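The values are calculated or read from the model by the stated rules, or taken from the named source; none is laboratory data. Given the structure is predicted, the values throughout are model-derived calculations rather than measurements. Virtual Cβ from ideal backbone geometry, glycine too; neighbours counted across all protein chains shown.
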Amino acid sequence: MSAEFDITETLDVKGASCPMPVVKTKSAIDDLAEGAVLEVVATDPGSVSDIDGWAAGTKGVELVDQEEGDDVYRHYVRKTE
Amino acid sequence: MSTDTPGASADGAPSRAELAARVGELEDALAEATTEGDARKMSIVATKGTLDMAYPPLILASTAAAFGYDVTVFHTFWGLDILHEERSKNLKLSSVGNPNMPVPNAVAALPGMDRVTTKMMERRIEGNDTATIEELVETSLDMGVEFQACQMTIDLIGYDENNFYDGVTTGVGAATALQDMADADIQLLV
């Protein structure tokens, strides 16, 4: 992947299932500064749709990218305000 | 008759200046209404205390909190067990009345069968790394979800208010729940 953004922090939610990937992502993003990008590493296949939906419906965050690897899903969320 | 005369025109229609002032007022009111309701609200009424029925209100409450919603969950009747610190760790799954269970109802009604199906579900919850009820309650509280325990059913069932999780609101009734529902963007009964 071409690095168009720098990862500020990585959150490991491997193993966790709904609703924890979204809930933990929210908590982690709260602790970051504006402009920061959080990498979320999950194994829950539902996290692809859930984090996308959460980012779309939540003020102050933006989904920058999502990657599906071998049973691991990586989500990149930027804090915009 | 000239149309740009200030003040009311001869036929009693409002003048351009009056209309402009009125539009300004309405724009201010609209701006206030749309920014004041910044935080969206969700109101859930939780009435069930079986293991399977305890999950939906907690999952939706914590997720809505992650979206930035102000969330209130009003617990009544067996829904109180979700807020009861000890009972919430031992919620049971009924093996009777659910035709999707792998055992026929006639067998499911035998003594001890609820314990068997509950153990089965608990093992699956553990194996799937699904959050426990306790974890979901604690997480929701951390995220600012307001859990309310219906006073009438606390007294009816005979629970001690000190046995609820710290942070649970007691001393509330239907009017409180109704007020929350009236203010909420999403209202659910579980």
Unmet requirement for B:Ile133, which otherwise passes all of (1) surrounded by 16 or more Cβ atoms within 10 Å (Cβ to Cβ); (2) within 11 Å of another protein chain (Cβ to nearest Cβ): (2)
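For the stretch B:44-93, which positions are part of a loop (DSSP other than H, G, I, E, B) and away from every other protein chain (no Cβ under 14 Å)?
Result: B:Thr47, B:Lys48, B:Gly49, B:Thr50, B:Thr76, B:Leu83, B:Glu85, B:Glu86, B:Leu91, B:Lys92, B:Leu93.
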Hits in the stretch A:32-51 - residues which are more than 13 Å from chain B (Cβ to nearest Cβ) and either more than 14 Å from A:Leu11 (Cα to Cα) or among the acidic types (Asp, Glu) (or both): A:Ala33, A:Glu34, A:Gly35, A:Glu39, A:Val48
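Yes or no, residue by residue, for (1) in contact with a Leu (Cβ under 8 Å, 6 or more places away or on another chain); (2) of a type in the set (Gly, Ala, Ser); (3) under 17 Å from B:Ala65 (Cβ atoms):
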site: A:Glu4; (1), (2), (3): no, no, no
site: A:Ser17; (1), (2), (3): no, yes, no
site: A:Asp30; (1), (2), (3): no, no, yes
site: A:Val37; (1), (2), (3): no, no, no
site: A:Gly60; (1), (2), (3): no, yes, yes
Single residue of A:Ser17, A:Ser27 found to be within 13 Å of chain B (Cβ to nearest Cβ), closer than 23 Å to B:Glu138 by Cβ, touching an Asp or Glu at 6+ places or on another chain (Cβ under 7 Å) and among the hydroxyl-bearing types (Ser, Thr, Tyr): A:Ser17
Test: residue in the stretch B:110-128 that is in contact with a Leu (Cβ under 6 Å, 6 or more places away or on another chain) and either assigned to a strand (DSSP E or B) or hydroxyl-bearing (Ser, Thr, Tyr) (or both): yes
Residue in the stretch B:145-158 that is surrounded by 14 or more Cβ atoms within 10 Å (Cβ to Cβ) and more than 22 Å from B:Leu58 (Cβ to Cβ) present: no
Hits in the stretch A:32-50 - residues which are farther than 14 Å from A:Tyr76 by Cα, loosely packed, with under 14 Cβ neighbours inside 10 Å and at pLDDT below 95: A:Pro45
Residue count, the stretch B:149-171 (criterion: farther than 17 Å from B:Arg87 by Cβ and either assigned to a strand (DSSP E or B) or within 11 Å of chain A (Cβ to nearest Cβ) (or both)): 2
